[in-house]
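Trainee: Below is a structure I'd like to ask you about.
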Amino acid sequence: MKKSTRTLSTVGMLITLGIVYGDIGTSPLYVMNAILVQSGKHSLAATAPIMLGSISLIFWTLMLITTIKYILLAMRADNRHEGGIFALYALVRPQAKWLIVPALIGGAALLADGTLTPAVTVTSAIEGLKGQTLGPLHFSAGQGWVLLVVTGILLGLFLVQRFGTERIGWSFGPMMFIWFSFIGLVGLHNLWTYPAILKALSPTYAITFLMSPLNKQGIFILGSVFLATTGAEALYSDMGQVGKQNIYGTWPFVYVTLMLSYLGQGAWVIRHAEQVLATEGINPFYAMVPTAWRLFAIVIATVAAIIASQALITGSYTLVHEAIGLKLLPRLRIKFPGKVKSQLYVGAVNWLLCAVTLSVVWYFRTSSHMEAAYGLAITMTMLMTTLLLHAFLVQKHHPVLAKIYVVSFGLLESLFLLASLAKFVHGGYVTLLITVVILTVMVFWYYGNLRRDAYLENTEDVSLLDFLPQLTALSHDDQIPSFATNLVFISKVTPDYQIKRAIIYSILDQQPKRAAVYWFVTVNETDTPYECSYSVNTLGTHNVMDVQLYLGFKKPQRLNVYLRQIVNDLLEEGILTDQTPRYSSMPNRQVGNFKFIMLNQQFQDLGAQENIPIDDLILIGGRLLLQRISLSPQRWYGLGFSDVVEERVPLFIGQAPDRTLKRRV
């Protein structure tokens with residue numbers, strides 16, 4: 001995204017409408033319908049109190065969770081303009097190690113619950129055609145053709161992701177502006193016929209309705225009300241693409257139009273209570289639209305649903321990319337099909353999301369069944385975000401505000417979580433199952449890496465300084481054939497120049513590797529999203545370089561590009577001697593060839609390790625299984641077309657002798 005779109009501007013706000021509000025903006029398609037289904041049949045006299053109470057709950061849910069928590073509080077917790085639960089975790093993780101727990105749970109739940117967003121929005125939009133006669137076309141009331149159309153739309157949407165959607169994305173803003181204007185005007189048209197519905201803006205109606213005998217569901221009615229604010233977490237995650245100022249500028253317009261739609265639907269239900277009670281499966285969103293506008297309503301609703309689905313899909317890519325950068329997920333192939341940094345494509349995520357979403361469509365079949373399962377996992381994400389935001393407020397030295405915040409929003413969202421638990425038996429188990437699967441992958445990868453690294457840290461390190469004379473002598477030893485001009489090892493060098501013995505062993509002992517320059521590159525993943533910087537320590541030589549590379553968690557790790565630039569910089573500064581090759585097809589080439597050595601340190605036999613606790617064996621074993629589906633280090637570091645040598649070395653160099661071995665006489 002260009003920088004100009006991050007600052008407050010008409011263009012920036014228009015783009016924000018298309019990127020940020022797809023999920024929350026399509027909620028009027030199904031929220032009131034879900035409330036009617038959950039409320040069941042009542043008498044005509046009960047219709048008005050139920051509508052007033054339900055709309056009051058929607059208004060104050062949007063006010064408290066979306067406006068106060070996310071717009072006013074969460075968006076202050078930006079990591080160099082980036083938002084979302086993983087960006088927030090990156091900010092607060094120095095405070096306490098346990099904060100990884102809410103980050104893992106919240107991220108897994110957000111990815112899992114998102115599989116329902118495309119399914120429920122597109123299905124709700126297409127179902128508006130059921131039973132309609134539009135000119136010569138008549139659509140039956142059956143669900144079979146709806147499933148086929150929804151499948152075609154979603155499959156097409158997932159298919160185009162690999163080509164990039166930059167040009168399409170620019171049209172999303174105007175389309176969503178039309179959508180919000182339309183639902184606001186239609187809502188106002190119906191509100192005008194029953195202005196008494198405005199009383200629902202008073203919080204007394206929300207509280208009274210929760211305790212009223214008319215509310216047969218009790219607090220569980222909040223499970224349907226919560227659907228009105230499910231896009232709030234996505235709003236926070238998309239902050240980095242559009243800038244918080246544009247969200248501040250557009251939210252009042254979005255909030256007003258959403259509430260006009262809900263108020264209009266409530267007014268229509270009250271005025272047509274007999275029809276609502278007598279008709280099964282009536283959706284007040286479409287029912288309140290005048291007949292002459294019905295076709296346009298269905299078309300624009302379908303477009304809005306597609307935009308919402310697109311936002312969810314690209315948001316999932318971003319979330320996975322951030323998780324990989326924080327070492328919470330295995331490395332996956334990431335492509336950048338567009339010309340903007342924020343646009344990326346993760347093929348594995350795209351097709352997994354496609355398979356799960358289509359499975360959800362055919363498993364639940366109707367939008368009402370999807371609504372019954374929707375929102376359970378996202379309440380967990382919001383609760384986890386609350387815990388992380390509490391840590392952020394403490395970090396900013398606002399302890400009193402932090403306590404007030406965590407108690408008030410913790411209780412409120414716990415209430416929504418409790419209310420949503422009723423959805424478990426109605427299909428919520430599907431998203432929870434997906435959450436558990438994603439969480440299991442994250443746990444094995446993150447904690448498996450921690451335990452593996454702990455054993456690697458216990459292996460013998462040596463000082464790089466002690467081997468400088470040998471490395472310098474080897475570099476100038478003409479009796480040994482040249483192995484490479486620039487020999488690169490990607491491995492951590494500590495501030496006191498400690499390095500793994502396996503690296504020195506590889507250079508000097510296995511087969512002496514003569515090179516003009518030895519590069520020891522440490523890749524430091526920073527909490528700053530797009531940082532890209534480096535430092536070089538020559539160690540007093542011209543042939544041994546300690547490079548510290550600093551890359552943000554959203555920055556692609558193209559090591560061959562970065563290292564070539566570093567070499568050019570050092571040649572211009574006269575730190576490196578000339579590397580101009582004698583033979584080359586490229587005129588004016590000054591940099592010699594590179595060879596990258598990847599050391600794959602492994603346990604000799606994981607199952608035979610008697611001194612490793614069983615829980616460590618399980619975590620490390622799970623991590624090794626996941627490694628098989630992740631990108632290899634050379635492809636992850638952008639070295640797919642570079643000269644890479646992989647050397648498998650034991651975790652412990654030099655095995656202790658087995659004293660049980662005896663020589664036969």
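Trainee: Can you run down the residue pairs with Cβ atoms below 7 Å, 6 or more apart or on separate chains, where the first is in region 363-380 and open to solvent by 30 Å² or more (accessible area, probe 1.4 Å) and the partner is at pLDDT below 85 and assigned to a helix (DSSP H, G or I)?
Mentor: SER368/VAL37; HIS369/GLY427; ALA372/LYS423; ALA372/HIS426; ALA372/GLY427
Trainee: Quick check: is even one residue across region 473-492 open to solvent by less than 10 Å² (accessible area, probe 1.4 Å), part of a strand (DSSP E or B) and more than 21 Å from GLN590 (Cβ to Cβ)?
Mentor: Yes, because at least one residue in region 473-492 is open to solvent by less than 10 Å² (accessible area, probe 1.4 Å), part of a strand (DSSP E or B) and more than 21 Å from GLN590 (Cβ to Cβ).
Trainee: Please work out if GLY281 is outside any helix (DSSP H, G or I) and touching a residue at least 24 places away in the same chain (Cβ under 8 Å).
Mentor: It is true that GLY281 is outside any helix (DSSP H, G or I) and touching a residue at least 24 places away in the same chain (Cβ under 8 Å).
Trainee: Kindly evaluate LEU421 against the criterion of being under 35 Å from the mean Cα position of the chain (by Cα) and open to solvent by less than 50 Å² (accessible area, probe 1.4 Å).
Mentor: No.
Trainee: Does LEU72 count as open to solvent by 10 Å² or more (accessible area, probe 1.4 Å) and without any contact (Cβ under 8 Å) to a residue 40 or more places away in the chain?
Mentor: In short, yes.
Trainee: Can I ask one more? Quick check: anything in region 158-179 assigned to a helix (DSSP H, G or I), closer than 23 Å to VAL356 by Cβ, open to solvent by less than 40 Å² (accessible area, probe 1.4 Å) and not aliphatic (A, V, I, L, M)?
Mentor: Yes, region 158-179 contains a residue that is assigned to a helix (DSSP H, G or I), closer than 23 Å to VAL356 by Cβ, open to solvent by less than 40 Å² (accessible area, probe 1.4 Å) and not aliphatic (A, V, I, L, M).
Trainee: Still on this structure: Return only the number of the condition from (1) part of a helix (DSSP H, G or I); (2) out of contact with any helix residue (DSSP H, G or I) (no Cβ under 7 Å at 6 or more places or on another chain) that HIS397 does not satisfy.
Mentor: Status for HIS397: all satisfied but (1).
Trainee: Kindly establish whether TYR262 is surrounded by 18 or more Cβ atoms within 10 Å (Cβ to Cβ) and either within 30 Å of THR528 (Cβ to Cβ) or touching a residue at least 40 places away in the same chain (Cβ under 8 Å) (or both).
Mentor: Yes: the conditions hold for TYR262.
Trainee: Which fully enclosed helices (runs of 4 or more DSSP H) of region 190-251 have 2 or more residues being open to solvent by 60 Å² or more (accessible area, probe 1.4 Å)?
Mentor: Here the list reads 203-211.
Trainee: Of everything in region 524-574, what is in contact (Cβ under 8 Å) with a residue 40 or more places away in the chain, among the β-branched types (Val, Ile, Thr) and closer than 29 Å to PHE86 by Cβ? Give them in sequence order.
Mentor: Result: THR528, VAL561.
Trainee: Look at VAL349 and say whether it is free of Cβ contacts under 8 Å to residues at least 12 places away in the same chain and over 27 Å from GLY142 (Cβ atoms).
Mentor: no
Trainee: Another question, then. Could you grab the pairs with beta carbons closer than 7 Å, sequence gap of 6+ or different chains, first residue in region 133-160 and of a type in the set (Ser, Thr, Tyr), second one surrounded by 12 or more Cβ atoms within 10 Å (Cβ to Cβ) and at pLDDT 90 or above?
Mentor: Taking only residues 6 or more apart or on different chains, the pairs are THR151/LEU358; THR151/VAL361.
Trainee: Still on this structure, I have one more. Please go through region 506-517 and give me each residue that is over 14 Å from VAL544 (Cα atoms) and surrounded by 17 or more Cβ atoms within 10 Å (Cβ to Cβ), ordered by number.
Mentor: Of everything in region 506-517, just one residue is over 14 Å from VAL544 (Cα atoms) and surrounded by 17 or more Cβ atoms within 10 Å (Cβ to Cβ), namely SER506.
The values are calculated or read from the model by the stated rules, or taken from the named source; none is laboratory data. Here the structure is a predicted model, which means the values were calculated and not measured. Neighbour counts run over all protein chains shown; Cβ positions are idealised from the backbone, glycine included. Ligands, DNA and RNA are stripped out before the accessible areas are found, and what is left, the full protein with its side chains, is counted by its heavy atoms. Shrake-Rupley method; radii C 1.70, N 1.55, O 1.52, S 1.80 Å.
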